[in-house]
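A short reminder: the numbers here are calculations on the coordinates, not readings from a lab. In this text the structure is predicted, and so the values were computed from the model without any measurement. Cβ coordinates were reconstructed from backbone atoms using ideal geometry, including for glycine residues, and neighbour counts include every protein chain displayed.
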Amino acid sequence: MKYLKVIAFTHKQIELKELGKLVICQESLTDKLAAVKAEFGIAEIFYLATCNRVEFVMLTPTLVDKAFATRFIERMDIGLCPNHMDTFIDAALIYEDKDALNHLLRTSCSLESLVVGEKEILAQLRRAYEHCREAGLTGDGMRMFMSCVVKTAKEVYTHTNISKNPISVVSLAYRKLNSLKLCTNARILIIGAGETNQNISKYLQKHKFSNFSVFNRTLAKAEKLAADLNGEAYDLEALKIYNKGFDVIITCTSAVEPIITPEIYASLLAGETTRKTIVDLAIPNDTAPEVLEQFPINFIEVHSLTEVAKRNLQERYQELVHAEAIIENNICEFLQQLKQRRIELAMRCVPEKIKEIRNTAINSVFADEVQGMDKQSREVLERVINYMEKKYISVPMVMAKDILINSN
């Protein structure tokens, strides 16, 4: 497990608005990860980006420290200026070995989240891993770690009250939006058709909101969400010419540059001058700062939810204790599984070696004696050798596992 390393940039050390500078465009992610994997001697790697963290999880024998992190981020070509690079590297958290596994388990159980108890993080972690697994960036090692991650998170959510009456970033955002007392026929523009907007749409639908227009880079995804909401669908470019007005914009995309510029916002107003509402759950924000400076807006963003999240953490303190006990038990179990897996890998050549010995004995060392046997004797000899072969394959594995268990 000493090869497990994590470079983490989280909301605990870095302002949420700044974290967005580390987000990598999905279209270029696989190529960039493959490049650093090859260049830095990394056996397996995956990348996790959520609204409050950006992390690189890797298996590598290379020393991972702040100097390595600097070279690594530079090679990822995210486009940080030198001043930002120094700030981020100073704030980076680097974990290895058992600490790295503990961090991954705490993350999957939402103990490291902005809002403790939100289950979304587990799904996000699994999707991040699956994306890299399908791209060939991970293998058997990361598979074992992720199995432990998923098992532990499920136990925490099942056997503690940490997610009882969950308060996720999405639900917190909806509560703030709902406090504005909007009428249910308010015109709502939804920009982005990903999971976050799908989730907040469910809240809106549940509370009888009915007037939706969905915009997305991929029109088919906009059409799917719009169909669920009985609304209209547009591609993202249509924002520039949309002229039906709005009361609320809900936006969450993976864009690295603002989607809502002053020009687009002014056009969307269609001549209206009343105060509007923007719910921006993207990191980095989809709303350009100039929009907030130039227009009267009720602005709800992830950063503004921090104080509510802190209160949430305090209320769930006792559940953290229970969750941490489950995590520690799973780490102990995993260490045992890891040792057994190492034995299996070390001994997987035993069957081939035994077959080689068998073939050499029959076809070379004792070839003349075997040829001199009658058919019935050769059949008996064959059955004896097959029996012994199976035992010689299984016995060393059993003995090795017994030694491992007894040594603990």
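What the table below lists for this structure:
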{"item": "FRET efficiency for Ala35 and Cys349, using Cβ-Cβ distance with R0 set to 41 Å, rounded to 0.05", "result": "0.80"}
{"item": "Set of aspartates and glutamates near Lys5 by C-alpha distance (under 13 Å), chain-local residues within fewer than 8 positions excluded", "result": "Glu44, Glu55, Asp65, Glu96, Asp97, Asp99"}
{"item": "Derived scalar couplings ³J(HN,Hα) [the stretch 226-236; Karplus, 6.51 cos²θ - 1.76 cosθ + 1.60; whole Hz; x for Gly, Pro]", "result": "4, 5, 5, 9, 6, x, 10, 10, 9, 7, 5"}
{"item": "For the chain, calculated [θ]222 nm from helices alone, where every DSSP H run of n ≥ 4 adds -39500 (n - 2.57)", "result": "-17500 deg cm²/dmol"}
{"item": "Segment Val321-Ala91, length gained on full extension (0.36 nm per residue, minus Cα span)", "result": "80.1 nm"}
{"item": "Loop-resident sites, the stretch 1-82, for trypsin sites (Lys or Arg not before Pro), counting at most 16 other Cβ within 10 Å (DSSP)", "result": "Lys2, Lys12"}
{"item": "Gained length - Ile357 relative to Arg143, 0.36 nm times residue gap less alpha-carbon distance", "result": "73.6 nm"}
{"item": "Residues with amide H under 5 Å from that of Ile191, placed H, sequence gap 5 or more", "result": "Phe215, Ile250, Thr251, Cys252"}
{"item": "Charge dipole (the chain, unit charges on Cβ, about Cα centre) - positive-most of Pro289, Cys252, Val321", "result": "Val321"}
{"item": "Of Ala282, Ala92, Ala123, the one that fluctuates the most in a GNM where the chain has Cα springs shorter than 10 Å", "result": "Ala123"}
{"item": "Choice from His11, His103, His207 showing the highest fluctuation, given a GNM over the chain with Cα pairs closer than 10 Å", "result": "His207"}
{"item": "Calculated log₁₀ intensity ratio I(q)/I(0) where the Debye formula runs over C-alpha points of the chain, q = 0.13, 0.14 Å⁻¹", "result": "-1.15, -1.27"}
{"item": "Assigned charges on the beta-carbon of Lys, Arg, Asp, Glu; the chain dipole about Cα centre (debye)", "result": "1060 debye"}
{"item": "Share of Cα-Cα pairs in the stretch 169-311 lying beyond 20 Å, as whole percent", "result": "42 percent"}
{"item": "Debye log10 I(q)/I(0) for the stretch 21-180, one point scatterer per Cα, at q = 0.17, 0.18, 0.19 Å⁻¹", "result": "-1.09, -1.19, -1.29"}
{"item": "Reachable aspartates and glutamates from Lys221, criterion Cα separation under 14 angstrom, eight or more residues apart if same chain", "result": "Glu195, Glu232, Asp235"}
{"item": "Within the stretch 4-36, backbone nitrogen closer than 13 Å to the virtual label 7 Å beyond the Cα of Ala135 toward Cβ", "result": "24-36"}
{"item": "Ascending count of other beta-carbon atoms within 10 Å, so fewest first, for Ile300, Ile249", "result": "Ile300, Ile249"}
{"item": "Residues Asp31, Asp235 arranged by fewest to most Cβ contacts within 10 Å", "result": "Asp31, Asp235"}
{"item": "Footprinting exposure proxy for Val384, Val64 (fewest neighbouring C-beta atoms within 10 Å first)", "result": "Val384, Val64"}
{"item": "Computed FRET value (nearest 0.05) for Thr184 with Gln26, which takes r as the C-beta separation and R₀ as 35 Å", "result": "0.50"}
